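Here's the structure we're looking at; comments come further down.
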Amino acid sequence: MSAKNLSEELFKPRFKHPETSSLVRQRHHLTSTVQSTLDGESHTGWYRMLNRLLWSWRGLSPLEISEVLARIAVSDAERTSDQLLDTVIGYRGGNWIYEWSKQAALWQQKAMDAGETPEAGEHWLHAVNLYSLAAWPHIKGDELAEQAQTLANRAYEEATLRLPGEMKELEFPIQGGSPITGFLHMPPNVSAPYPTVLLCGNLDSLQIDHYRLFHDYLAPRGLAMLTIDMPSVGFSSKWKLTQDTSFLHQQVLRGLESIPWVDHTRVAALGYRFGANVAVRLAYLEAPRLRGAACLGPIVHALLANAAQQERVPDMYIDVLASRLGMARATDEVLRTELNRYSLKTQGLLGRRTPTPMLAGYWQNDPWSPEEDARLIVNSSANGKLLPIGFTPVLHNFDRALQTICDWLTQQLK
């Protein structure tokens, strides 16, 4: 089936699909505006965070982003909440998933018209980023978002066939349940087996969101990148997130001995936001298999254990946490009690020494991850490195932080 026909089949009208913001019990607390390099800005009148910086960094133009957001904002269609612009009900003009998918389809058509050229690969990747954004924040039970994810994954397969390096789709058996799919990105002009970085993404991301990290930062250093989706999202959607947050990644790490393209003696983890929770757990539980763990804006204790800290982040992110935990209808009190069990300090890990080298990067006044979390990680390692990151100029400091982290990973993987 062609990509165009697949799109028509997935999105043809069937019934009234649930709107994204309605899938988790609505709180809509009045919170102050927050701004974050990794998460974007919260805006009055929007349910989702608007992360123009990271979307642009991944390859979308600021003009294109503004045009799509404008189409959403001016819609007069029925909304779940009249106060929130991105809550248009139904797959139609003004609906978040519809507008970003419509934009993605334009680039998908450009890619098909370009054939097998490198330019086609860039167009396919552009479509990937737009389809993934359509599905964001990937809340469980969002049927239209899941269909956009399917199109994103198909486009990613097409993109990686035409872009530098090589990508292999790997299936990993998981004890007690369904296997999961991971993507191994291998750098060009380097021979296998490769030193490999196991990427642990955030709870609102897909593994296909990280091609630029591979292309611009890891591949030039001769490092491969292995990605898997976090529990309850993407190719790992059949697995619920539990207090054993690193369960899937541990199974993958233990299976690398049988992957001929990976040097299983030279593997490190890189985790950002909640993915850092996974990376740090691996640093404790899989120390013999891991050369190092680098974290960026880690969520390992404060946000999980402190109700006041939770009040500082927008509803959308709390909804994502509730969705991943399978607690979409839980009260605030029940959710807070459960989240506390995900703190690595509460679990008795952080605060103890691990021989695994760990790096932790942080921004001052980060609502998701205070400096104390980063210091807790660094002080728990026999060889820790603290990386303060300035907020402005944002892109320059973000790039410099990634360069520093990847240099550190390269050093650990020698």
Is at least one residue of region 159-166 of a type in the set (D, E, K, R) and in contact with a strand residue (DSSP E or B) (Cβ under 8 Å, 6 or more places away or on another chain)?
-> yes
Of the residues D399, D373, D366, which is closer than 23 Å to Y284 by Cα and either open to solvent by less than 40 Å² (accessible area, probe 1.4 Å) or part of a helix (DSSP H, G or I) (or both)?
-> D373
Looking at (1) crowded, with 19+ Cβ neighbours inside 10 Å; (2) modelled with pLDDT under 95, which is the only condition V190 fails?
-> (1)
Sort out which residues of region 34-63 are at positive phi and more than 15 Å from the chain's Cα centre (by Cα), and write them in order of number.
-> G45, G59
So, first residue touching a residue at least 12 places away in the same chain (Cβ under 8 Å) in region 395-411, second residue among the basic types (K, R), Cβ within less than 7 Å, six or more apart or across chains; the pairs are C406/R221; W408/K385; T410/R221
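Quick one: which strands (runs of 3 or more DSSP E) lie wholly within region 199-299 and hold at least 3 residues that are open to solvent by 10 Å² or more (accessible area, probe 1.4 Å)?
In region 199-299, the matching strands (runs of 3 or more DSSP E) lie at 262-272.
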For region 331-358, enumerate the residues that are touching a residue at least 60 places away in the same chain (Cβ under 8 Å), closer than 16 Å to I299 by Cβ and open to solvent by less than 40 Å² (accessible area, probe 1.4 Å).
-> Y342, L344, L349, L350, M358
Positions within region 70-83 being within 13 Å of Y47 (Cβ to Cβ) and either open to solvent by 20 Å² or more (accessible area, probe 1.4 Å) or out of contact with any Phe, Trp or Tyr (no Cβ under 7 Å at 6 or more places or on another chain) (or both), in sequence order = A73, R79, T80, S81, D82, Q83
Scope region 91-130; condition in contact (Cβ under 8 Å) with a residue 12 or more places away in the chain, crowded, with 16+ Cβ neighbours inside 10 Å and in a loop (DSSP other than H, G, I, E, B); matching residues | Y91, G94, N95
T242: passes all of (1) touching a strand residue (DSSP E or B) at 6+ places or on another chain (Cβ under 9 Å); (2) at pLDDT 95 or above but (1)
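The values are calculated or read from the model by the stated rules, or taken from the named source; none is laboratory data. Just so it is clear, the structure is predicted and the values come from calculations on it, not from any experiment. No Cβ is skipped: glycine too gets one built from the backbone with ideal geometry, and neighbour counts run over all protein chains shown. SASA here: full protein model, heavy atoms, side chains in, ligands and nucleic acids out. Shrake-Rupley method; radii C 1.70, N 1.55, O 1.52, S 1.80 Å.
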